[in-house]
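Participant: This is the structure I have questions about; it appears just below.
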Amino acid sequence: MKKVLFIDRDGTLIIEPPVTFQVDSLEKLEFYPKVIRNLHKIITEMDYELVMVTNQDGLGTPAFPEDDFWLPHNKMLNVLAGEGIEFTQIHIDRSFEHENSPNRKPRTGMLKEYIQNPQYDLANSFVIGDRITDLQLAANLGAKGILVGEPTRDWVFPNEKVEEVIALISPDWDEIYDFLKIESQVSAPLERVASINRKTNETQIQIHLNLDGDGKADLSTGIGFFDHMLEQVAKHAKIDLQIMVKGDLHIDQHHTIEDTGIALGEAFLRALGNKRGIERYGHFLLPMDETLAQVAIDFSGRPWCIWQAEFRREKVGEMPTEMFSHFFKSFSDNAKCNLNIKVEGENEHHKIEAIFKAFARAVRMAIRRDLENMDLPSTKGVL
Ligand SMILES: [Mg+2]
């Protein structure tokens, strides 16, 4: 579902000149304070589509000649585009108020495509403007309204419907940004789920992963010990994990374990999405009797796997010990994470179980998401 910010132009993006109310020359073009930096933050940090909706009384008549309008208008758009701020649509109504055009704000004649297209989530969209008519437009669209103006002013609202849509009254784009940031996260935090269907000649794998689950596991890899280890991952990472594998176990367990690592890594990469708000780093020290396992993870976007764990036995359960490192390397390559694993101890079963549990706990820390602060945990701007 797409959310939209329907943004008014005069008095909202640029200063509305007194008396004439027309920006009809370059001299009259002046941006509203702080609007550019905040629109830039809004488009880079939130999932809103920007749409401009403006009434330009008598545009194209002698009262407002075309050229006088387009020169400052295009200059404004160029400045915004230079900062990466672009509108997917610009709707301009040219009528005078007395003409009662169905396209003129607050009427919605120009905006039918949003009303009729069920892909648009208008209930979580906003009209931002400096007049009561902008709030009326919000009411007519079934959206919410942000009034750009002083909250202390004696506003007279025409009816209750308009009063109900008001989400914020503020003259300050910093405040509008802060408000939208919290609103966009609380109204619809992105689900962190992924489904993978991976088929080769050697294995068929289906995975459903929910990073915000509560530890439910439904596992069938055909290898009992492997299922037991993956169950630990779901439980201790507090994720919901469903894995169904049909592998060529009549040959050996190699492909089943390796391909499960690949598919699980892919599922994590997809479910993490844009990684906004996550801790990114996680680590855990896990003791189990005489054993100590240490796992650190970084969902950095760059694969690397350090494995310092020696096993003397060839198998634990029916799982070959040489495949443990192979599983984690495959996971790291496909989740694009840095994974650092060490273990010391005597009992082979303790050692591998401690590793899987420590891995799960480190993952739990790294994927934790703070919905109040959806920054990207990187100075580079991408993970
Ligand atoms: Mg306006």
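Participant: Return the total of residues in region 17-60 being part of a loop (DSSP other than H, G, I, E, B), closer than 16 Å to ILE92 by Cα and touching a strand residue (DSSP E or B) at 6+ places or on another chain (Cβ under 9 Å).
Facilitator: So the answer is 7.
Participant: With (1) outside any helix (DSSP H, G or I); (2) in contact with a Gly (Cβ under 9 Å, 6 or more places away or on another chain); (3) surrounded by fewer than 17 Cβ atoms within 10 Å (Cβ to Cβ) as the list, and LEU168 as the residue in question, which single condition is left unmet?
Facilitator: That leaves (3) as the condition not met.
Participant: Next question. Mind listing just one residue for me: the one in region 242-255 that is more than 26 Å from the chain's Cα centre (by Cα) and crowded, with 23+ Cβ neighbours inside 10 Å and, of those, farthest from CYS337 (Cα to Cα)?
Facilitator: Our first condition is that a residue be more than 26 Å from the chain's Cα centre (by Cα); within region 242-255, this holds for 244-255.
If we keep only those that are crowded, with 23+ Cβ neighbours inside 10 Å as well, we get 245, 247.
Details: VAL245: 23, GLY247: 26 Å.
Per the stated criteria, the residue is GLY247.
Participant: I've got another one for you. Given the structure, is ILE169 touching a residue at least 40 places away in the same chain (Cβ under 8 Å) and not acidic (Asp, Glu)?
Facilitator: When the stated conditions are applied, ILE169 does not pass them.
Participant: Does ALA167 satisfy the condition of being touching a Phe, Trp or Tyr at 6+ places or on another chain (Cβ under 9 Å) and farther than 20 Å from ALA335 by Cβ? Don't jump to the end; show me each part of the working.
Facilitator: On the way: touching a Phe, Trp or Tyr at 6+ places or on another chain (Cβ under 9 Å): yes; farther than 20 Å from ALA335 by Cβ: yes.
Taking the combined requirement at face value, the residue satisfies it.
Participant: While we're looking at this one, here's another question. Please go through region 9-51 and pick out each residue that is buried (at least 19 other Cβ atoms within 10 Å of the Cβ), acidic (Asp, Glu) and away from the ligand (no atom under 12 Å from the Cβ).
Facilitator: Selection gives ASP24 alone.
Participant: Scan region 255-279 and report the pairs whose first residue is within 30 Å of LYS41 (Cβ to Cβ) and whose second residue is among the acidic types (Asp, Glu), with Cβ atoms within less than 6 Å and a gap of 6+ or a chain change.
Facilitator: From residues that are within 30 Å of LYS41 (Cβ to Cβ), the pairs are GLY277/ASP370.
Participant: If I filter region 130-140 down to residues being touching a strand residue (DSSP E or B) at 6+ places or on another chain (Cβ under 7 Å) and either under 15 Å from GLU183 (Cβ atoms) or not acidic (Asp, Glu) (or both), which single residue comes out as farthest from the ligand (Cβ to nearest atom)?
Facilitator: The residue in question is ALA138.
Participant: Which one of VAL156, VAL148, VAL162 is assigned by TED's automatic domain parsing to the domain that holds PRO102, surrounded by fewer than 19 Cβ atoms within 10 Å (Cβ to Cβ) and either touching a residue at least 12 places away in the same chain (Cβ under 8 Å) or away from the ligand (no atom under 16 Å from the Cβ) (or both)? I'd like the intermediate steps shown before the answer.
Facilitator: Values: VAL148 fails: surrounded by fewer than 19 Cβ atoms within 10 Å (Cβ to Cβ); VAL162 fails: surrounded by fewer than 19 Cβ atoms within 10 Å (Cβ to Cβ).
Every option except VAL156 fails the conditions.
Participant: Among the residues of region 296-319, is there at least one that is over 21 Å from ASP240 (Cβ atoms), of a type in the set (Gly, Ala, Ser) and part of a strand (DSSP E or B)? Give the derivation first.
Facilitator: So the first thing to find is which residues in region 296-319 are over 21 Å from ASP240 (Cβ atoms), and the list is 296, 298, 300-319.
Filter once more, so that each one left must be of a type in the set (Gly, Ala, Ser): 296, 300-301, 309, 317.
Of the ones still in play, those that are also part of a strand (DSSP E or B) are 296.
Yes, some residue in region 296-319 is over 21 Å from ASP240 (Cβ atoms), of a type in the set (Gly, Ala, Ser) and part of a strand (DSSP E or B).
Participant: Now for a separate question. Over 14 Å from ASN55 (Cβ atoms) and surrounded by 18 or more Cβ atoms within 10 Å (Cβ to Cβ): is that true of ALA123 in this structure?
Facilitator: On the way: over 14 Å from ASN55 (Cβ atoms): yes; surrounded by 18 or more Cβ atoms within 10 Å (Cβ to Cβ): no.
So ALA123 does not fit the description; no.
Participant: Among all residue pairs at least 6 apart or on different chains, which show Cβ distances below 6 Å where the first residue, located in region 356-383, is buried (at least 19 other Cβ atoms within 10 Å of the Cβ) and the second is at pLDDT below 80?
Facilitator: From residues that are buried (at least 19 other Cβ atoms within 10 Å of the Cβ), the pairs are MET374/GLN185.
Participant: So which residues in region 241-277 are outside any helix (DSSP H, G or I) and touching a Leu at 6+ places or on another chain (Cβ under 7 Å), if there are any at all?
Facilitator: Our first condition is that a residue be outside any helix (DSSP H, G or I); within region 241-277, this holds for 241-253, 273-277.
Result: LEU241, ILE243, GLY273, LYS275, ARG276, GLY277.
Participant: Specify which of the listed residues (GLY84, GLY109) is assigned by TED's automatic domain parsing to the domain that holds GLU150 and over 30 Å from ASN274 (Cβ atoms). Can you show your working first?
Facilitator: Details: GLY84 fails: over 30 Å from ASN274 (Cβ atoms).
The conditions single out GLY109.
Participant: From the list HIS350, HIS326, exactly one residue is part of a helix (DSSP H, G or I) and over 34 Å from the mean Cα position of the chain (by Cα). Which is it? Lay out the reasoning, then the answer.
Facilitator: Details: HIS326 fails: over 34 Å from the mean Cα position of the chain (by Cα).
So the residue among HIS350, HIS326 that is part of a helix (DSSP H, G or I) and over 34 Å from the mean Cα position of the chain (by Cα) is HIS350.
Participant: Does region 114-124 include one or more residues that are hydrophobic (A, V, I, L, M, F, W, C) and within 16 Å of the ligand (Cβ to nearest atom)?
Facilitator: Scanning region 114-124 turns up no residue that is hydrophobic (A, V, I, L, M, F, W, C) and within 16 Å of the ligand (Cβ to nearest atom).
Participant: Just give me the residues in region 322-337 being of a type outside the set (D, E, K, R) and closer than 14 Å to HIS255 by Cα, in sequence order.
Facilitator: MET323, PHE324, SER325, HIS326, PHE327, PHE328, SER330, PHE331
Participant: List pairs: first in region 31-57 and free of Cβ contacts under 8 Å to residues at least 60 places away in the same chain, second away from the ligand (no atom under 16 Å from the Cβ) and assigned to a helix (DSSP H, G or I), Cβ under 7 Å, 6+ apart or cross-chain?
Facilitator: ILE36/LEU80; LEU50/ILE43
The values are calculated or read from the model by the stated rules, or taken from the named source; none is laboratory data. Since we're looking at a predicted model, the values are computed, not measured. Cβ: placed from backbone, ideal geometry, glycine included. Neighbour counts: every protein chain shown.
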